[in-house]
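These notes are about the structure you will find just below.
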Amino acid sequence: RDGRYQVCRGHGGMFGYAYVPITRPPGLWGAYADYMYLHPNAIVHRMRKDLPASTAALFNPLGAGFRWAVELPDTGPGDAVLILGPGQRGLASVIAARAAGADTIIVTGLARDAEKLALARELGADHTIDVENEDARKRVRELTGGRGADVVVEVSANSPVPVAESLWYAALGARVVLAGVKGFKPVPDFVSDLIVVKELKLIGAFGVTSRSYQAAIRLIEAGRVPVERMHTHDFPLEQAEHAIRLLAGEIEGEQSIHSCLLP
């Protein structure tokens, strides 16, 4: 009722569009269908009809950016924000943190992420770090006047290593948001004493709230940020598997940030 539908539970998991199995009648719960069932409890958001579908669809990652990088850690003016991972959620976090008035925004990535890191700078990041070719801990200290980041947003995929690293990047009293899923793998070299001596606040982030979706939609409709630069590919429905593997970084020599399937 209060728009926190990402924590609604029912029938073995999250009860929300794209999470409800097709075995639950009427079976039209999203997932690339021609039709959707509008549940009586559904929360809907109005969007301008003249927006291209590929741009309008960005409300989802941008909503995550506003929830994970702003709403949960209470980001505002004066904050140094460090975003681990330059994927669509990481780039959305850059946009959201900039909209919230963050003082300094830093994004980390791998060597293969050079184009994504360049886009991060275009979308509002002040600095980027290639963790494979730079000493990330040293660079974060240099870029934050030795303090570390007030807000750390961990949105990298698969590898649990950045979770442990996030504690080293954080300033005293920092808020560390963990949103990247790792396939339930354990975190190596996790030094819990860093949480104690720095008095860090660790925040788990799952899904997006109505409030953050509204913020994302307002930003898209305003047209002041080139959010459409995040959209990189369109695919026919028959190439859905290829599109998903590309987004997961499994296709050699090609990268995707945001893709749409067009039935």
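Among residues of segment 89-100 that are among the hydroxyl-bearing types (Ser, Thr, Tyr), those with a Cβ under 7 angstrom from a residue that is open to solvent by less than 10 Å² (accessible area, probe 1.4 Å), sequence gap 6+ or separate chain, pair up as Ser93/Gly65; Ser93/Ala69; Ser93/Ile83; Ser93/Val153. Of all residues assigned to segment 177-185, at least one qualifies as being open to solvent by less than 40 Å² (accessible area, probe 1.4 Å) and in contact with a strand residue (DSSP E or B) (Cβ under 6 Å, 6 or more places away or on another chain). For segment 209-249, taking the residues that are outside any helix (DSSP H, G or I) and modelled with pLDDT under 90, the one that is farthest from Gly85 (Cα to Cα) is identified as Thr209. Arg98 - would you say it is surrounded by 23 or more Cβ atoms within 10 Å (Cβ to Cβ) and either more than 14 Å from Ala174 (Cβ to Cβ) or not basic (Lys, Arg) (or both)? Considered against the rule, which asks whether it is surrounded by 23 or more Cβ atoms within 10 Å (Cβ to Cβ) and either more than 14 Å from Ala174 (Cβ to Cβ) or not basic (Lys, Arg) (or both), Arg98 comes out as no. When the residues of segment 251-263 are filtered to those that are modelled with pLDDT of 90 or more and of a type outside the set (A, V, I, L, M, F, W, C), the one that is farthest from Asp34 (Cα to Cα) is Ser256. Output yes when any residue across segment 2-10 is farther than 30 Å from Gly173 by Cα, modelled with pLDDT under 90, of a type in the set (Val, Ile, Thr) and loosely packed, with under 13 Cβ neighbours inside 10 Å, and no when none is. Within segment 2-10 (the criterion being farther than 30 Å from Gly173 by Cα, modelled with pLDDT under 90, of a type in the set (Val, Ile, Thr) and loosely packed, with under 13 Cβ neighbours inside 10 Å), the answer is no, since none of the residues qualifies.
Quick one: which helices (runs of 4 or more DSSP H) sit completely within segment 40-128 and have at least 2 residues that are farther than 25 Å from Glu142 by Cβ? Full working, then the answer.
Working: elements: 53-56, 59-66, 88-99, 114-122.
Counting at least 2 such residues, we get 53-56, 59-66, 88-99.
Of the residues making up segment 120-159, those that are modelled with pLDDT under 95 and open to solvent by 60 Å² or more (accessible area, probe 1.4 Å) number 2. Residue pairs whose Cβ atoms lie under 7 Å apart, separated by 6 or more positions or on different chains, with the first residue in segment 12-23 and on the phi < 0 side of the Ramachandran plot and open to solvent by 60 Å² or more (accessible area, probe 1.4 Å) and the second at pLDDT 75 or above and of a type outside the set (Asp, Glu), are Tyr17/Trp29; Tyr17/Gly30; Ile22/Trp29.
Please tell me if Glu250 is open to solvent by 70 Å² or more (accessible area, probe 1.4 Å), touching a residue at least 12 places away in the same chain (Cβ under 8 Å) and of a type in the set (Asp, Glu).
Working: open to solvent by 70 Å² or more (accessible area, probe 1.4 Å): yes; touching a residue at least 12 places away in the same chain (Cβ under 8 Å): no; of a type in the set (Asp, Glu): yes.
In short, no.
When residues of segment 202-237 are filtered for being in contact (Cβ under 8 Å) with a residue 40 or more places away in the chain and basic (Lys, Arg), how many remain? Explain how you work it out, then say what you get.
Here is the first cut: in segment 202-237, the ones in contact (Cβ under 8 Å) with a residue 40 or more places away in the chain are 203, 205-217, 219-221, 225-231, 234, 237.
Those left that are additionally basic (Lys, Arg): 211, 229.
Number of matching residues: 2.
The values are calculated or read from the model by the stated rules, or taken from the named source; none is laboratory data. Remember, predicted model here, so these are calculated numbers, not experimental data. Counting neighbours? That spans all protein chains shown, and the Cβs are built from the backbone with ideal geometry, glycine included. Note: areas computed on protein heavy atoms with side chains; ligands, DNA, RNA excluded. Shrake-Rupley method; radii C 1.70, N 1.55, O 1.52, S 1.80 Å.
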